[in-house]
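Working notes for the structure below.
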Amino acid sequence: MWMKSLVRGVMSMNSVIRDGRFQKLIFANILSSIGSGVTMIGVPWLLVNREGGDQIYGYVTFCMTLLLFFLSPYLGVLIDRLPRKKVLLFSEAFGFLIVILFVGCGFFSGAYETWHLIGVYAGGSLYYTLHYPAQFAFNQEIFTREQYRELNSIMEIQNQAASMLAGGLTSVLIERVDFSLILLVDAFTYVAGFLLLSFIPYVSSQSQIAVSKASIWSNMKEGFLYLKDKPLFTVFYISSLMPFIGIMVGNYLFPVYIAKTLGADGTIMGLADVMYAFGAILGGYTIPFLLRRQGEFRTVFMTVSVFTAGTLLIAAIPIVGLFLILKITLGWGNAGSRVARNTIMMNEVPNEVMGRVNSFFSAVGMLFRISLLGLFARTAAYTGASFSLFIVGGLLIFACAGVFISRSLFAKDVPTLSKSL
């Protein structure tokens, strides 16, 4: 039985891969992910290895998260009001302009000041916050419900494969190649992504046109009211989002953990990202199978629990080899919960409110990140990254409880979430 399920999954995945729209989308995403990945891994490493850089990076991350928290609702409305393809093309153009600006700064000044690195990081964060929610809504709009599970799985595999390559390139290049050249390559990945996305056929839906006629505040209210009637779904989604929040906070903590707690160099940071991406790729391949065999509740509960255990062990036992191995479990746990969560969301949330619903959860996630980063930026330099990771692990235990509480959404006699909401 399990073999038949696996074969069906592989055949479904192949049908998605053969879709010409998906091929353009995936190659555009690979290029952008590698380019921005090398930059967003390199910038934190360059910052935390400057005097007082770990605190500077913490404050920068906190301020950007605070800004994005307030921007997120507006971006969600814009994603629902405007043609998603135009939003994606704008994000690629924005990414290119920001990066090429700082390429020029590096070439003319001969070195990157701290404010240059902060500018690159801020631009990358804005790009990520706009591009990925728009891409999520775009994917839901142009593909069919039957393709969602395999689509999310393949996208996760692609994202993590690109991250793996980015991590490997960063470990090789960051201390050997001028950062201006790295940024220059990054800039042209955005150009390639723009060209590939421009060839994907797309027609705006009628529901999107109707949304564009209402005010922004009315649009925000509609997204909030949609979730107000589904409290258990909200609890489930926020709980299953916690591994991703752990990764985002870890983007600050792990460079500090590697440099200060483990006493390792940039090579270990690059290897850690490679190991994480390997685990995430494994998750992308295995989660569709687990969803069929174990169901939605068990799959999400399992992935969140594995991520929680990995985080607590990293905090408790600071050994380089164990850290690299446990990064695999973090990759599998986060990717697995994301594939399952995104598939459920695509199946249950109407496309016309997807941008706003997604932005609501993004804002909640950012609120957690603001609180944690504001705390850790002030305390990590004194208490160490391990203590901060214990705090994250404690929150993840509550997330496991939240997923467990929402188990009634996944009653075996109910084929989809929508009938139980």
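The values are calculated or read from the model by the stated rules, or taken from the named source; none is laboratory data. Quick caveat, the model's predicted, so the values are computed rather than measured. So basically every Cβ, Gly included, is an ideal-geometry build from the backbone, and we count neighbours across all protein chains shown. Remember, those area values only see protein heavy atoms, side chains included, never the ligands or the DNA or RNA. Shrake-Rupley method; radii C 1.70, N 1.55, O 1.52, S 1.80 Å.
Return only the number of the condition from (1) modelled with pLDDT of 85 or more; (2) under 22 Å from residue 85 (Cα atoms); (3) open to solvent by 20 Å² or more (accessible area, probe 1.4 Å); (4) of a type outside the set (S, T, N, Q) that residue 149 does not satisfy.
(1)
Among the residues of region 257-284, how many are surrounded by fewer than 19 Cβ atoms within 10 Å (Cβ to Cβ), modelled with pLDDT under 80 and assigned to a helix (DSSP H, G or I)?
Here the count works out to 1.
Tell me which of these residue 240 doesn't satisfy, since it passes every other one: (1) in the same structural domain as residue 309 (by the TED database); (2) within 26 Å of residue 351 (Cβ to Cβ); (3) at pLDDT below 80.
(3)
For region 329-357, give me the residue count where each residue is open to solvent by 20 Å² or more (accessible area, probe 1.4 Å) and closer than 23 Å to residue 295 by Cα.
Matching residues across region 329-357 total 7.
Inside region 72-119, can you point out the residues that are open to solvent by less than 50 Å² (accessible area, probe 1.4 Å) and either acidic (Asp, Glu) or in contact with an Asp or Glu (Cβ under 9 Å, 6 or more places away or on another chain) (or both)?
The answer is 80, 84, 92, 95, 99, 103, 105, 106.
Contact list please: Cβ distance under 8 Å, first residue in region 374-395 and in the same structural domain as residue 56 (by the TED database) and β-branched (Val, Ile, Thr), second residue at pLDDT 90 or above and in a helix (DSSP H, G or I), pairs at least six apart or on different chains.
Close Cβ pairs satisfying both conditions: none exist.
What is the one condition in (1) within 25 Å of residue 373 (Cα to Cα); (2) at pLDDT below 80 that residue 172 does not satisfy?
(1)
Being open to solvent by 30 Å² or more (accessible area, probe 1.4 Å) and of a type in the set (A, V, I, L, M, F, W, C) is the filter here; which residues of region 291-323 pass it?
Across region 291-323, the qualifying residues are 297, 301, 302, 306, 309, 312, 313, 316, 317, 319, 320, 322.
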